[in-house]
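Participant: Okay, here's the structure, questions in a sec.
The values are calculated or read from the model by the stated rules, or taken from the named source; none is laboratory data. Predicted model, so just to flag it, every value in this text is computed and none were measured. Neighbour counts are summed over all protein chains in view; Cβ atoms, including those assigned to glycine, are modelled from backbone coordinates with ideal geometry. Only protein heavy atoms, including side chains, enter the accessible area calculation; ligands, DNA and RNA are left aside. Shrake-Rupley method; radii C 1.70, N 1.55, O 1.52, S 1.80 Å.
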Amino acid sequence: GVFSVPAWGSEWFWWHWQGEHRADYERFVQRRYPPDTTYADFAPRFTARDFQPREWAQLFQRAGARYVVLTTKHHEGFTNWGSPVSWNWNSLDTGPHRDLVGELGQALRESNIRYGLYHSLLEWFNPLYLADKESGFKTQNFVLKKTMPELYDLVLKYKPDLIWSDGDWEAPESYWNSTSFLAWLYNDSPVKDTVVVNDRWCNNCSCRHGGYYNCADKYKPGTLPAHKWEMCSSIDKLSWGYRSNMNIAELMDEASIIEELVQTVSFGGNYLLNVGPTKEGVIVPIFQERLLALGRWLDTNGEAIYESKPWRVQMENSTDMVWYTSKGPVVYAIFLIWPLNNVLELSSPAPSPATQVTMLGFAGTLKWQKSPGKGLLITLPYMLPSPLPPQSGWAVKLEGVK
């Protein structure tokens, strides 16, 4: 988005600068840009000159992603496709002069990855929206002239597999016309049989209505939710957009990403991991490195993740370092820290004489014995000595346990 041009603070740059008049944002603009600079002046500098959708798709495939969600429009209102109702404030008329939504969609579909579209219902500074807000949301000019035409356009043009709605929190469903749009989407649209939506469609929809729930950014339920859900997280802990001033301590490392993924999947959730591309359309090497590390882990351990279901127990009661998933009768125990004595103690699974234990990525079976209490003790393969305890997650596959 246009927020990748200042690339500072966060993707809420415009709001912090001119909605809240935060001093640090005002200083930033004064120091770096000519006087009288407006947010609209950033748009021509959002060039996406180095945007290579096929390279993105290849990266996401190597990262193990099965679906990808692109921001088609954030709260700034700039659309990454040629929206007919966003005159001169879209990626065809200004900036990249490209249909970013369409180009990425084509590349992802060639790579057999599902395509989701993020779309913000509100626009901070759109005069139509501000007037509707002024009326206490009794008028709907913004919804009828901007939000809804864009949602219908996105569905008809790009036939997305998923719609990730956002920007819902200020107004009720009756203002947004969410139910009539969703009724059309599920009954009459070209994607009616395949499309999935999240829960951000009105000011009290979150965690209550939706094909699946997000509940909140970086939501961690703590217990098994009754409804399908998704955890959205960001490698940069301070922003969802690209920041030129980020430093390494503010980024999630490989182990924390794997831990978050494992916990999410144990609780029956999907994991949506965010990276913010630059104004040139590049995913910077540090983000690529994190995504590829996750992909390598999934190459070995994906069997315990993809198409898995929550087991009767989500985690080992004594510790949050062992998490469970299952597929039919097979149970997977994913442990995040390697036990010092090379023995993994699991108290939740009940073994039987037919129990067999293997480790993903390791040939052969593992020796195990019944635990003195309950459960089983598994002798792990010998790890080479290292001054640091290895840490990024391993999975044992348990067959013949209850």
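Participant: Cβ-Cβ below 7 Å, separation at least six or inter-chain, first residue in the stretch 171-200 and within 25 Å of Tyr129 (Cβ to Cβ) and of a type in the set (D, E, K, R), second in a helix (DSSP H, G or I) and open to solvent by 60 Å² or more (accessible area, probe 1.4 Å): which pairs?
Facilitator: Listed pairs, sorted by first residue: Glu173/Thr179.
Participant: Would you point out the residue of the stretch 183-208, among those that are buried (at least 19 other Cβ atoms within 10 Å of the Cβ) and more than 21 Å from Pro149 (Cα to Cα), that is nearest to the chain's Cα centre (by Cα)?
Facilitator: Result: Ser206.
Participant: Give the stretch 132-145 a look and list any residue that's farther than 21 Å from Trp12 by Cα and part of a helix (DSSP H, G or I), or say none.
Facilitator: Asp132, Glu134, Asn141, Val143, Leu144, Lys145
Participant: Restricting attention to the stretch 114-138, and to residues there that are within 16 Å of the chain's Cα centre (by Cα) and open to solvent by 10 Å² or more (accessible area, probe 1.4 Å), which single residue is nearest to Tyr152 (Cα to Cα)?
Facilitator: The selected residue is Tyr118.
Participant: Ok, one more. Can you give me the number of residues within the stretch 40-61 that are in contact with a helix residue (DSSP H, G or I) (Cβ under 7 Å, 6 or more places away or on another chain), part of a helix (DSSP H, G or I) and farther than 15 Å from Val275 by Cα?
Facilitator: Total meeting the criteria: 3.
Participant: Still on this structure: Return the only residue of Pro35, Pro6 being exposed (fewer than 15 other Cβ atoms within 10 Å of the Cβ) and not aliphatic (A, V, I, L, M).
Facilitator: Pro35
Participant: Hey, could you check the stretch 242-264 for residues that are in a helix (DSSP H, G or I) and in contact with a helix residue (DSSP H, G or I) (Cβ under 8 Å, 6 or more places away or on another chain) and say which is nearest to Arg290 (Cα to Cα)?
Facilitator: Taking the candidates together, the pick is Glu254.
Participant: Restricting the search to the stretch 219-239, which residues are more than 18 Å from Asp320 (Cβ to Cβ) and in contact with a helix residue (DSSP H, G or I) (Cβ under 9 Å, 6 or more places away or on another chain)?
Facilitator: Trp229, Glu230, Ile235, Asp236, Lys237, Leu238, Ser239
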